[in-house]
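These notes are about the structure you will find just below.
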Amino acid sequence: MKVTINLKITILFATAFLFVCGLFLLLGKIQIDSYLTNEQSRQKEIAEKIIYNLERGENFSIHDYLLSKSFKMVENDRIAKHVVTKGEKVLRINSQYGSFSSIIYHNQIFFYIEKGKLKQLYELNASARLEYLFLLSFLCSLVLIIFLYFSVLRSLMPLKILKKKIKNISAGRIEPLSEYSRINDEISEISFEFDHAINKIQELVKSRQFFLRMIMHELKTPIGKGRIVSEMLDDQKQKERLIAIFERLELLIDEFGKIEKVLSRNCHLSLQTYHLSLILEQAEDYLMRDDFYQKVKIIYKEDTMIVADLELFSLMLKNLIDNAIKYSDDKSCEIICSGDYIIVRNKGVQFKKTFDYYLKPFVRENNNQVEGMGLGLYIINNICNLHGYNLTYSYEDGYHTFKIIFSRLDN
């Protein structure tokens with residue numbers, strides 16, 4: 001079970017809610033018991049005071065006296081009879097002037113007078129009852145807890161938005177976090193700082209893309225002029241050689257553009273179904289080696305069909321084959337095509353570090369005879385991931401074996 005921050009906060013506030021309820025119930029019970037005890041003592045004094053005044057023979061009104069002591073008479077005979085019958089009599093004082101009792105019913109204490117046939121029941125005014133103040137305090141505490149709970153959850157909302165934005169960024173979609181521009185707390189500040197940083201990164205990415213495109217455009221201009229000049233040569237052999245060189249330069253520039261899109265995650269695949277043989281033919285064209293079949297041995301166990309972007313997948317195989325030839329002891333490699341995978345093998349010395357190390361950019365073996373920036377395997381792995389295929393590596397019997405498995409990674 002995934003334990004989220006929201007769940008933890010909910011459990012915390014639910015525990016606090018139950019604790020406050022239990023605490024108020026306990027305090028309420030103590031308070032009510034204390035109130036009933038004190039009120040019982042007070043009513044005893046009131047009864048004794050009434051008897052004393054009646055004995056003095058003065059024109060004394062019991063009703064007016066009780067009204068002055070925050071009592072009011074229960075005028076509903078049915079309710080009065082029910083209280084007298086069902087309530088608990090905790091005090092009774094008998095005198096020649098009548099009987100005076102205290103009756104507890106539903107945490108309320110009543111003052112009951114029996115004077116001959118006259119029977120009167122009095123209760124405290126609502127404004128004088130302590131339980132209402134206590135209940136108000138309890139409700140205020142619960143409202144405060146509920147308010148704080150939803151306030152904290154609302155403060156955490158920018159984290160959900162931030163999580164969504166990060167996922168969108170991974171998918172190449174960047175959106176502002178302006179929904180919470182009026183929230184002023186630490187989490188919101190983190191969200192906006194992240195948004196600010198993403199905007200800066202986006203500006204840098206756009207600047208880099210503009211810079212690279214400008215360079216590629218500037219390079220294509222002299223290449224185009226060179227091709228025009230080469231067409232004017234009378235020597236056919238030199239003409240063909242120069243045209244081939246300029247074509248290769250154009251292919252390299254186009255390849256740089258595709259690699260830039262792959263590495264910047266700004267690449268949209270054009271997926272179709274192709275035979276492996278067709279993809280390998282495209283990779284051969286990208287390599288532009290006259291000795292391709294002298295350096296590369298292709299074994300078809302099955303010329304299977306795979307779903308791929310023809311240009312990118314061919315570019316990936318081109319890089320894999322080119323690396324295998326460059327780093328091979330005999331400057332050759334072997335390709336094995338099967339229904340579920342394609343293997344590129346070459347003879348060489350075992351890697352000094354783990355395969356994951358060589359998947360990082362600008363990393364390669366210390367070989368002074370081989371030039372390069374160390375981006376080969378990094379690009380190959382990225383294109384594999386874009387297609388959802390898996391690149392694995394093993395070293396057995398003096399051979400490096402790179403296998404591209406066509407089963408989807410999410411299966």
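The values are calculated or read from the model by the stated rules, or taken from the named source; none is laboratory data. These numbers were taken from a predicted model, which means no experiment stands behind them. With ideal geometry, Cβ positions are generated from the backbone for all residues, glycine too; neighbour counts draw on all protein chains shown. We work out accessible area using only protein heavy atoms, side chains counted, and drop any ligands, DNA or RNA first. Shrake-Rupley method; radii C 1.70, N 1.55, O 1.52, S 1.80 Å.
Values as computed for the structure displayed
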item: Residue match in segment 3-20 (condition: within 30 Å of L144 (Cα to Cα), under 46 Å from the mean Cα position of the chain (by Cα) and part of a loop (DSSP other than H, G, I, E, B)); result: yes
item: Verdict on T37 being free of Cβ contacts under 8 Å to residues at least 24 places away in the same chain and closer than 15 Å to S102 by Cβ; result: yes
item: From the options L26, L7, L18, L91, residue that is more than 30 Å from V143 (Cβ to Cβ) and aliphatic (A, V, I, L, M); result: L91
item: Tally, over segment 15-58, of residues that are surrounded by 12 or more Cβ atoms within 10 Å (Cβ to Cβ) and more than 30 Å from H106 (Cβ to Cβ); result: 3
item: Residue in segment 93-107 that is farthest from A47 (Cα to Cα), counting only those that are open to solvent by 30 Å² or more (accessible area, probe 1.4 Å) and either out of contact with any helix residue (DSSP H, G or I) (no Cβ under 8 Å at 6 or more places or on another chain) or in contact (Cβ under 8 Å) with a residue 60 or more places away in the chain (or both); result: H106
